[in-house]
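The values are calculated or read from the model by the stated rules, or taken from the named source; none is laboratory data. Being a predicted model, the structure only gives us computed values, none of them experimental. Heads up, the Cβs are rebuilt from the backbone with ideal geometry, glycines too, and the neighbour counts pull from every protein chain shown. Please note that ligands, DNA and RNA were not included when accessible areas were found on the heavy atoms of the full protein model with its side chains. Shrake-Rupley method; radii C 1.70, N 1.55, O 1.52, S 1.80 Å.
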Amino acid sequence: MEKRINIGNVEPLAFKAMFGLEAYLAKTDIPKTLKELIKIRASQINNCAYCIDMHTKDAIKNGETAKRIFLVSAWREATRFFTEEERTVLAMTEEITLIDQHGLQQETYLKAAGIFTENQIAQIIMVIATINAWNRIAVSTHQEIEG
C-alpha cells in the first residue's frame with residue numbers, strides 16, 4: 001500500500017479529540033471483554049487490518065481466548081461460545097456498523113434494554129461509533145500493521 005498522511009501528525013487536535021473519547025470509554029461500565037469484542041467485530045466488517053491486529057492482541061492481553069477470537073466473525077453459528085450479553089452486543093455492533101442496511105433493529109434494541117441499563121446502552125453505542133471512526137481513519141490513511 002502507498003503511504004498516506006498521518007492525521008495524528010498533521011491534525012493533532014483531531015486525534016486529541018478521538019483520544020478524549022477513548023478516555024471516556026475507559027471509564028464506562030462496559031467490561032473490557034465486551035469492548036474488545038465490539039472493536040474486533042466492527043474492524044472485521046470494515047476490513048481494517050490495523051485495528052483487527054491491535055484489538056485481537058489487546059483482547060488476548062485481557063484474557064480472551066484465541067478460539068473465541070477466531071469465532072467472532074461467525075458468532076451467530078458459534079452461540080455456545082458467547083453469552084447472551086455478548087451476542088446482543090455483537091448484534092448491535094453489526095447493525096450499527098452496517099447502519100445503511102437497517103440500522104439498530106427494534107428487536108435487538110429491546111433485547112439490549114432487557115440486559116443493559118440505558119447508560120450502558122449509550123456507552124455501547126459510543127464504543128461502536130468510536131471504533132467505526134478509528135476504522136475509517138486507519139483504512140483511509142493506509143495505516144500499517146506494526147511488526
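For the stretch 94-109, give me each residue that is open to solvent by less than 50 Å² (accessible area, probe 1.4 Å) and in contact (Cβ under 8 Å) with a residue 12 or more places away in the chain.
Listed by number, the residues that qualify are GLU94, GLU95, ILE96, THR97, THR108.
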inquiry  = Against the condition more than 12 Å from the chain's Cα centre (by Cα), β-branched (Val, Ile, Thr), more than 14 Å from THR130 (Cα to Cα) and open to solvent by less than 30 Å² (accessible area, probe 1.4 Å), how does ILE115 come out, does it pass?
reply    = no
query = Residues in the stretch 35-45: is at least one out of contact with any Lys or Arg (no Cβ under 8 Å at 6 or more places or on another chain) and at positive phi?
reply = no
request  = Residues being under 13 Å from LYS39 (Cα atoms) and of a type in the set (Phe, Trp, Tyr): count how many of those fall in the stretch 106-147.
outcome  = 1
message = Restricting to the stretch 28-51, and then to whatever is among the β-branched types (Val, Ile, Thr) and surrounded by fewer than 23 Cβ atoms within 10 Å (Cβ to Cβ), can you tell me which residue is nearest to THR93 (Cα to Cα)?
response = ILE45
query = Hey, among ALA112, ALA129, which residue is without any contact (Cβ under 8 Å) to a residue 40 or more places away in the chain, closer than 28 Å to ASN9 by Cα and hydrophobic (A, V, I, L, M, F, W, C)?
reply = ALA129
query = HIS55 versus (1) surrounded by fewer than 19 Cβ atoms within 10 Å (Cβ to Cβ); (2) in contact with a Lys or Arg (Cβ under 8 Å, 6 or more places away or on another chain): which is the lone unmet condition?
reply = (1)
Check on LYS61, in contact with a helix residue (DSSP H, G or I) (Cβ under 8 Å, 6 or more places away or on another chain), among the basic types (Lys, Arg) and either in contact (Cβ under 8 Å) with a residue 60 or more places away in the chain or surrounded by fewer than 20 Cβ atoms within 10 Å (Cβ to Cβ) (or both) = no
request  = Just need a number here: residues in the stretch 66-89 that are in contact with a helix residue (DSSP H, G or I) (Cβ under 7 Å, 6 or more places away or on another chain), open to solvent by 50 Å² or more (accessible area, probe 1.4 Å) and without any contact (Cβ under 8 Å) to a residue 12 or more places away in the chain.
outcome  = 1
